[in-house]
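Peer 1: Below are the structure tokens for one structure; questions will follow.
The values are calculated or read from the model by the stated rules, or taken from the named source; none is laboratory data. On a predicted model such as this, the values are computed, not experimentally measured, just so you know. Cβ placement follows ideal geometry from the backbone for every residue including glycine, while neighbour counts extend to all protein chains displayed.
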Amino acid sequence: MKRLRSLPWRLLSVLVFGCSLCTVPIHALRWFPLGPYGGDARSFAADPNNSKHLYLGTANGWVYDSPDGGVTWRRLGEVGNRSDLIIDHILTDARNPQRLVVGAWIVDHPDGGIFISEDGGKTWWSDPDMRGQSIRSLTRSSFDPEMMVAGTLQGVFRSMDNGMHWAQISPLGSKEIHEVQSVAIDPRNPQVIYAGTWHLPWKTVDGGQHWESIKHGIIDDSDVFSILIDPNLPQVVYASACSGIYKSLDAGVLFHKVQGIPSEARRTRKLEQDPEHLDTVYAGTTEGLYRTLDGGKQWQRLTPSDLVINDVYVDPHDSGHILLATERGGVLRSEDFAASFVASNSGFSSRQVMAYAADPMHPADVYAGVVNDKQDGGVFQSIDGGAHWREDSVGLNGRDIYSLAMTPAGTLLAGTPHGIFRNQDDVWVNSGRWLHQSGHSRRSPGLQEANELRAVRLSSKQPMIDAVIYALVSNRSLISYAGTSEGLLKSDDDGIAWTPVPSLPLVDVRFVAVEKNRLLAAGLRQMYFSADGGAQWKTIGLPSTLSQISAVAIDGNNDLWVGGREGVFYSTDDGLNWKIVYSLDTPQVDGLYFDRQQNRILLTTATSSMVFAVQLPGFTVRYWDTGWKLRFARPIGDHLLAATLYNGVVIQPKMVKSDFSDRYVSFGSASSAGSSKNQSRSGETVFGGH
């Protein structure tokens with residue numbers, strides 16, 4: 001990967017970003033999100049009084065808003081304080097712009113609910129009538145703004161008092177009207193309601209007292225994802241299904257399948273009409289964006305076919321302004337009637353960062369590895385300490401990134417579910433493994449044998465590593481280690497070739513720590529220690545109260561550290577005895593890291609938003625409340641950067657002396673300088689030494 005030299009002004013963008021966000025006292029500050037931007041965007045809503053003030057629903061429970069038509073985004077609040085809620089529907093209220101209503105559901109479990117905010121999305125409360133309901137569709141009547149209709153796994157529900165109370169209007173226990181994926185209300189007669197289920201559409205003309213099937217013309221067993229009613233001609237109804245897009249000219253008595261959308265794009269998740277040109281309809285599908293200009297007679301694909309679209313927004317006052325909420329790629333924006341789109345994710349990130357690495361020679365050059373984003377994910381590089389990111393994933397072919405490491409020679413390595421990749425001139429190349437010879441797979445090769453194995457490896461005949469690469473680490477003597485599903489691997493040539501460490505009797509190596517010549521390798525319930533670079537190993541018993549390992553580390557004093565759901569433990573005698581850090585309330589430890597420059601252990605937990613720094617050798621503990629659930633924390637210059645569970649990376653808001661600039665850089669306001677122990681969300685304590 002090309003090394004872009006640090007510039008003295010490179011963090012000025014972060015300075016501006018931080019100062020523009022910080023208008024609150026220092027004790028209320030939270031760490032600022034820095035990206036990588038993008039990820040799963042699920043739904044849009046617009047302020048009825050300002051079409052450029054938009055809301056965005058995500059797949060991790062957060063709601064964002066944008067004051068400028070989707071150019072920039074800011075995080076508002078976490079719905080229900082849960083990270084597993086998918087926000088597919090947001091309703092705004094023209095009479096009270098601060099009132100928002102969302103419908104939420106979760107994957108693979110019948111749970112969710114209706115949540116309401118009275119302060120513009122900052123805080124939310126759960127509606128008791130719909131608590132636990134999996135909300136798959138939600139709409140408001142344009143005729144009667146007090147009326148809302150929701151579709152759930154159980155059926156159709158209605159509220160007549162702006163979402164305060166709900167009652168089911170579909171037959172209880174119906175074998176047909178359940179799993180309601182879409183709902184629509186006639187704009188002139190709110191008693192007329194349409195409901196699209198996972199098995200064909202239904203309609204009521206009397207507010208739910210009676211329902212009739214409206215499947216005529218629709219292929220049987222069609223999931224109905226979206227229903228669109230023409231506001232001027234309510235008898236014109238569009239319905240999208242897994243078998244295609246259908247149109248009715250008689251309010252659903254008979255549907256005709258429209259032509260022009262290929263079979264592979266059948267899953268049309270959203271139909272959206274241009275409010276200024278009603279014959280123009282957009283179809284957001286799992287195979288890109290389509291548009292008709294003549295009411296469905298002809299359709300044209302406007303984006304690449306590999307784009308999965310969850311929602312479409314057309315500005316009612318500027319139909320050239322269009323937004324797409326996409327799977328993995330975040331928000332796309334067009335200002336030219338969908339002729340072209342650009343990424344529009346500044347401030348919005350729902351990336352799951354699993355790995356991180358920094359260039360020791362250029363501390364502002366940092367790398368993040370993400371999972372679950374396929375071709376839109378991989379590895380991201382920042383040359384300004386995380387202020388801006390660019391994707392560097394050529395050659396990874398959509399693989400998840402479980403681990404990253406920078407070798408002492410300056411080469412970036414990536415661990416994936418299928419092998420180790422090495423970055424060469426901005427292209428990722430799969431590294432190989434030395435050949436196992438029969439009867440010699442568990443012993444170290446001699447010099448002649450090692451050279452023969454290397455020659456075989458470099459001859460391109462050796463199979464590539466196809467193991468899961470959980471951990472990558474490098475020490476300061478040009479040796480890299482990989483913890484994999486097939487044991488511990490070792491490379492002494494900058495990650496070009498790898499050989500198993502046969503002396504380690506552990507197959508599934510999930511965690512690896514190295515400090516000088518000392519190695520700690522662990523699975524979920526087994527741990528081994530080597531004091532000689534892996535030549536010999538000894539089994540280490542786990543702390544008696546630790547049920548499962550989730551993180552390991554070795555500090556500069558040769559102490560061993562291990563964390564799990566019961567807390568964090570350390571050993572000063574190579575694992576013979578363990579001590580728990582009693583004064584740290586740290587269940588579900590998910591991150592341990594030895595910060596060599598500051599001689600401290602950085603610790604995070606999956607159940608809190610705290611970062612703890614255990615200063616060595618005195619064991620003084622500092623802590624910060626980041627406001628985010630975290631996977632791990634790392635030093636970057638004189639401040640900290642952390643990876644969240646679902647929202648990318650965040651950075652510490654404090655006045656710091658930057659290693660990449662000759663000036664102080666504020667990641668908060670000018671008032672952020674000062675001792676953290678006087679702030680309500682950070683502090684110091686002492687739990688005792690050895």
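Peer 1: Just to be sure before I move on: is GLY252 small (Gly, Ala, Ser) and surrounded by 18 or more Cβ atoms within 10 Å (Cβ to Cβ) in the structure I sent?
Peer 2: So GLY252 passes the test.
Peer 1: Another question, if that's okay. Only one of SER174, SER182, SER213 is surrounded by 18 or more Cβ atoms within 10 Å (Cβ to Cβ) and small (Gly, Ala, Ser); which?
Peer 2: Step by step, each of SER174, SER182, SER213 is checked, and only SER182 is surrounded by 18 or more Cβ atoms within 10 Å (Cβ to Cβ) and small (Gly, Ala, Ser).
Peer 1: How many of the residues making up region 299-326 are modelled with pLDDT of 95 or more, of a type in the set (Asp, Glu) and farther than 22 Å from LYS247 by Cβ?
Peer 2: 2
Peer 1: Return the residues of region 599-612 that are crowded, with 21+ Cβ neighbours inside 10 Å and within 21 Å of PRO360 (Cβ to Cβ); say none if nothing qualifies.
Peer 2: ARG600, ILE601, LEU602
Peer 1: So, of the residues in region 279-304 that are closer than 15 Å to ARG328 by Cβ and out of contact with any Lys or Arg (no Cβ under 7 Å at 6 or more places or on another chain), which turns out to be surrounded by the fewest Cβ atoms within 10 Å (Cβ to Cβ)?
Peer 2: The selected residue is PRO304.
Peer 1: Any chance you could count how many residues in region 613-635 are surrounded by fewer than 18 Cβ atoms within 10 Å (Cβ to Cβ) and of a type in the set (Val, Ile, Thr)?
Peer 2: Final tally of qualifying residues: 1.
Peer 1: So, one more: GLY575 - would you say it is outside any strand (DSSP E or B), surrounded by 15 or more Cβ atoms within 10 Å (Cβ to Cβ), modelled with pLDDT of 95 or more and of a type in the set (Gly, Ala, Ser)?
Peer 2: Yes: the conditions hold for GLY575.
Peer 1: In addition: Condition test on ASN372, is it surrounded by fewer than 18 Cβ atoms within 10 Å (Cβ to Cβ), farther than 15 Å from ALA642 by Cα and under 13 Å from the mean Cα position of the chain (by Cα)?
Peer 2: When the stated conditions are applied, ASN372 passes them.
Peer 1: I'd like to know if region 486-502 contains one or more residues that are among the polar types (S, T, N, Q) and part of a loop (DSSP other than H, G, I, E, B).
Peer 2: Looking for residues that are among the polar types (S, T, N, Q) and part of a loop (DSSP other than H, G, I, E, B), one finds none in region 486-502, hence no.
Peer 1: With the structure loaded, tell me whether TRP202 is closer than 21 Å to ALA251 by Cα and of a type outside the set (Val, Ile, Thr) or whether it fails that test.
Peer 2: Considered against the rule, which asks whether it is closer than 21 Å to ALA251 by Cα and of a type outside the set (Val, Ile, Thr), TRP202 comes out as yes.
Peer 1: Now for a different question. Quick check, is GLN259 in contact (Cβ under 8 Å) with a residue 40 or more places away in the chain, over 20 Å from GLU335 (Cβ atoms), among the polar types (S, T, N, Q) and in contact with a Lys or Arg (Cβ under 9 Å, 6 or more places away or on another chain)?
Peer 2: yes
Peer 1: Pull out all pairs, ordered by first then second residue, where Cβ-Cβ is under 7 Å, the residues are six or more apart or on different chains, the first lies in region 589-600 and is of a type in the set (Lys, Arg), and the second is part of a strand (DSSP E or B).
Peer 2: Once the first residue is of a type in the set (Lys, Arg) and sits in region 589-600, its partners that are part of a strand (DSSP E or B) give ARG600/ALA613; ARG600/VAL614; ARG600/GLN615.
Peer 1: Which of the residues belonging to region 606-639 are in a loop (DSSP other than H, G, I, E, B) and either in contact with a Cys (Cβ under 7 Å, 6 or more places away or on another chain) or polar (S, T, N, Q) (or both)?
Peer 2: If the condition is that a residue be in a loop (DSSP other than H, G, I, E, B) and either in contact with a Cys (Cβ under 7 Å, 6 or more places away or on another chain) or polar (S, T, N, Q) (or both), then THR607, SER608, SER609, THR626 are the ones that fit.
Peer 1: From the set of residues in region 317-328 that are out of contact with any strand residue (DSSP E or B) (no Cβ under 6 Å at 6 or more places or on another chain) and either in a strand (DSSP E or B) or of a type in the set (S, T, N, Q) (or both), which is farthest from TYR37 (Cα to Cα)?
Peer 2: So, considering only residues that are out of contact with any strand residue (DSSP E or B) (no Cβ under 6 Å at 6 or more places or on another chain) and either in a strand (DSSP E or B) or of a type in the set (S, T, N, Q) (or both), the one farthest from TYR37 (Cα to Cα) is ASP318.
Peer 1: I would also like to ask the following. So THR586 ticks every box in (1) in a strand (DSSP E or B); (2) under 25 Å from ILE651 (Cβ atoms); (3) of a type outside the set (Lys, Arg) but one. Which box is left unticked?
Peer 2: (1)
Peer 1: Is it the case that some residue within region 338-353 is in contact with an Asp or Glu (Cβ under 8 Å, 6 or more places away or on another chain) and among the hydrophobic types (A, V, I, L, M, F, W, C)?
Peer 2: No, region 338-353 has no match at all.
Peer 1: Still on this structure, please answer the following. Considering region 580-598 alone, what residues qualify as being farther than 20 Å from ARG631 by Cα and either aliphatic (A, V, I, L, M) or surrounded by 15 or more Cβ atoms within 10 Å (Cβ to Cβ) (or both)?
Peer 2: ILE580
Peer 1: Here is a list: ASN232, ASN162, ASN189. Which entry is under 30 Å from ARG99 (Cα atoms) and in contact (Cβ under 8 Å) with a residue 60 or more places away in the chain?
Peer 2: ASN162
Peer 1: How many residues does region 94-118 contain that are within 24 Å of the chain's Cα centre (by Cα) and of a type in the set (D, E, K, R)?
Peer 2: Residues that pass the stated criteria total 2.
Peer 1: I'd like the full set of residues that are farther than 19 Å from PHE115 by Cβ and charged (D, E, K, R), limited to region 135-151.
Peer 2: ASP144
Peer 1: Then there is this: What are the residue pairs meeting all of these: first residue in region 612-630, first residue in contact (Cβ under 8 Å) with a residue 60 or more places away in the chain and closer than 12 Å to ASN599 by Cα, second residue assigned to a loop (DSSP other than H, G, I, E, B) and charged (D, E, K, R), Cβ atoms under 6 Å, and 6 or more apart or on different chains?
Peer 2: LEU616/ASP555
Peer 1: Follow-up. Report the residue count in region 335-364 for those that are of a type in the set (A, V, I, L, M), out of contact with any Gly (no Cβ under 9 Å at 6 or more places or on another chain) and either surrounded by 19 or more Cβ atoms within 10 Å (Cβ to Cβ) or closer than 17 Å to GLN381 by Cα (or both).
Peer 2: 1
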